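Heads up: the structure comes next, in structure tokens.
The values are calculated or read from the model by the stated rules, or taken from the named source; none is laboratory data. Since we're looking at a predicted model, the values are computed, not measured. When we count neighbours, we look across all protein chains shown, and the Cβ atoms used for this are built from the backbone with ideal geometry, even at glycine. Just so you know, the surface numbers come from the protein's heavy atoms only, side chains and all, with ligands and any DNA or RNA stripped out. Shrake-Rupley method; radii C 1.70, N 1.55, O 1.52, S 1.80 Å.
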Amino acid sequence: MALSSGQTWFPPFEQFLWEHWDYPKTPASNQNTYCDIMMWKRGLYGKLKHTFIHEPIEKIINVCRGEGIYLGGGWYQSKHFFSITKCTFNRMFGHYTGQWISMKIIIRCKFGFPVAIQE
């Protein structure tokens, strides 16, 4: 089975996309609101830390296929910078603090597909 993007269907990769991929980035009034909305929408509300990637699928997959530096244990660091949002849950207020940054990401790959991201 193939995805609409033309990629092969692989459940851990699908889970990774559902949890971490948001491209183009969902509009929100500010980064905190963005995190509140996205964490609720993806069924992750209450998770202490989380990362959303705002780049095309192909760019993420390519980290597993030559555009990443192998770190061991299936983990790769991207050679290029990625647009991401880091969400941190504030237990006292029950809401997220969001921070948009551009940085190199570290992801775990299986069979050439990303399956986890280092938070």
Candidates Phe93, Phe89, Phe81, filtered to the one that is without any contact (Cβ under 8 Å) to a residue 12 or more places away in the chain and open to solvent by 40 Å² or more (accessible area, probe 1.4 Å): Phe93
Candidates Gly98, Gly68, Gly112 - the one that is of a type outside the set (Val, Ile, Thr) and at positive phi: Gly112
Within the range 69-78, tally of residues that are open to solvent by 60 Å² or more (accessible area, probe 1.4 Å) and without any contact (Cβ under 8 Å) to a residue 12 or more places away in the chain: 2
Residues within the range 57-71 that are farther than 14 Å from Phe16 by Cβ and within 11 Å of the chain's Cα centre (by Cα), tallied: 0
Hey, Phe113 among the aromatic types (Phe, Trp, Tyr) and exposed (fewer than 14 other Cβ atoms within 10 Å of the Cβ) or not: no
Residue match in the range 48-61 (condition: in a helix (DSSP H, G or I), of a type in the set (Asp, Glu) and either out of contact with any strand residue (DSSP E or B) (no Cβ under 9 Å at 6 or more places or on another chain) or over 21 Å from Phe82 (Cα atoms) (or both)): yes
Cβ pairs under 8 Å, 6+ apart, first in the range 7-36 and outside any helix (DSSP H, G or I), second open to solvent by 40 Å² or more (accessible area, probe 1.4 Å) and aromatic (Phe, Trp, Tyr): Phe10/Phe111
Subset of the range 96-110 [surrounded by fewer than 17 Cβ atoms within 10 Å (Cβ to Cβ) and either more than 15 Å from Thr51 (Cα to Cα) or touching a residue at least 40 places away in the same chain (Cβ under 8 Å) (or both)]: Thr97, Gln99, Trp100, Lys110
